[in-house]
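Peer 1: Here it is: the structure, laid out below.
The values are calculated or read from the model by the stated rules, or taken from the named source; none is laboratory data. These numbers come from a predicted model, not from an experiment. Counting neighbours? That spans all protein chains shown, and the Cβs are built from the backbone with ideal geometry, glycine included. Note: accessible area is taken over every heavy atom of the protein model, side chains too, but ligands, DNA and RNA are not part of it. Shrake-Rupley method; radii C 1.70, N 1.55, O 1.52, S 1.80 Å.
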Amino acid sequence: SISLVAMSLALLMIVSSMLAYGMAQYKFKGKKFLQAYFLIGLMMPVQLSILPLYLMLSRLKMTNSFLGLALVYAANLSFSFLVFNQFFLQLPQAMIESAHIDGASDMCIFWKIVVPVSKPVFSTVGLLQFVMIWNDFFLPMVFLPKKSAHTLTLAIYSYTGNFLKNWDKIFAAATIALVPILIIYFLFSEQIVAGLTAGSTKE
């Protein structure tokens, strides 16, 4: 579970933040269409596309692979994109323009200026996606059938049977799965609130 979450979050945060920054800062043809496309993505549950996703990963021989499932999580970036995009739209243009005047490249501006000042929204998106991926049962069940690749949620499910349920083991495993979420919430609850409200008002 830890390996899967770390890999998925790294891909998701990098792709969605860079995409959102480009959409917020640059004007180009088809921009409104792309924004509508990502809004539609929020209304399309991943279960509807599970068959083509499975066929695609099977052809790439990436079933039972954390990387394959991480790519699926990273592709489901509509929510992350919208949160990042809303925040980046509120960034002071004078800051970006000053960096351009000083000769900084677009990538340099993003990594050395935008990312450091966007810590609240990065924390928020990261924590919300962490909880979603950590607790997910459906996608690991489909893409990680091999027992050695099972995540914590699948391990909990393995304690149930048709006629017997090991409730002591189920509750113990569920408690273990809940501990990281509680720790992260108590440590970063302020960042979650700050990130969700960032960009909600204009000064």
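Peer 1: Given the conditions (1) of a type in the set (S, T, N, Q); (2) farther than 18 Å from LEU19 by Cα; (3) under 16 Å from the mean Cα position of the chain (by Cα), report the number of the one that SER80 does not fulfil.
Peer 2: Looking at each condition in turn, SER80 falls short on (2).
Peer 1: So which residues in segment 6-35 are in contact (Cβ under 8 Å) with a residue 12 or more places away in the chain, open to solvent by 40 Å² or more (accessible area, probe 1.4 Å) and more than 26 Å from LEU67 (Cβ to Cβ)?
Peer 2: Selection gives GLN35 alone.
Peer 1: Can you find, within segment 49-88, the residue that is nearest to ALA10 (Cα to Cα) among those that are of a type in the set (Ser, Thr, Tyr) and surrounded by 20 or more Cβ atoms within 10 Å (Cβ to Cβ)?
Peer 2: Here is the first cut: in segment 49-88, the ones of a type in the set (Ser, Thr, Tyr) are 49, 54, 58, 63, 65, 73, 78, 80.
Applying the additional criterion that residues be surrounded by 20 or more Cβ atoms within 10 Å (Cβ to Cβ) yields 73, 80.
Working: TYR73: 11, SER80: 13 Å.
Within segment 49-88, the match that is nearest to ALA10 (Cα to Cα) is TYR73.
Peer 1: Related question: Test VAL121 against the criterion of being modelled with pLDDT under 90, of a type in the set (A, V, I, L, M) and touching a Gly at 6+ places or on another chain (Cβ under 6 Å), and give yes or no. Before the answer, list the steps.
Peer 2: Values: modelled with pLDDT under 90: yes; of a type in the set (A, V, I, L, M): yes; touching a Gly at 6+ places or on another chain (Cβ under 6 Å): yes.
In short, yes.
Peer 1: I need the full set of residues from segment 123-132 which are under 21 Å from ALA20 (Cα atoms) and in contact with a helix residue (DSSP H, G or I) (Cβ under 7 Å, 6 or more places away or on another chain), in order please.
Peer 2: First, the residues of segment 123-132 that are under 21 Å from ALA20 (Cα atoms): 123-130, 132.
Answer for segment 123-132, where residues must be under 21 Å from ALA20 (Cα atoms) and in contact with a helix residue (DSSP H, G or I) (Cβ under 7 Å, 6 or more places away or on another chain): SER123, THR124, VAL125, GLY126, LEU127, GLN129, PHE130.
Peer 1: Among the residues of segment 89-139, what is the count of those that are surrounded by 13 or more Cβ atoms within 10 Å (Cβ to Cβ), polar (S, T, N, Q) and assigned to a loop (DSSP other than H, G, I, E, B)?
Peer 2: So the count comes out to 2.
Peer 1: Cβ-Cβ distance below 6 Å, separation of 6 or more or different chains: which pairs start in segment 129-146 with a residue that is under 12 Å from VAL72 (Cα atoms) and end on one that is open to solvent by less than 20 Å² (accessible area, probe 1.4 Å) and aliphatic (A, V, I, L, M)?
Peer 2: ILE133/VAL5; PRO140/LEU154; PHE143/LEU69
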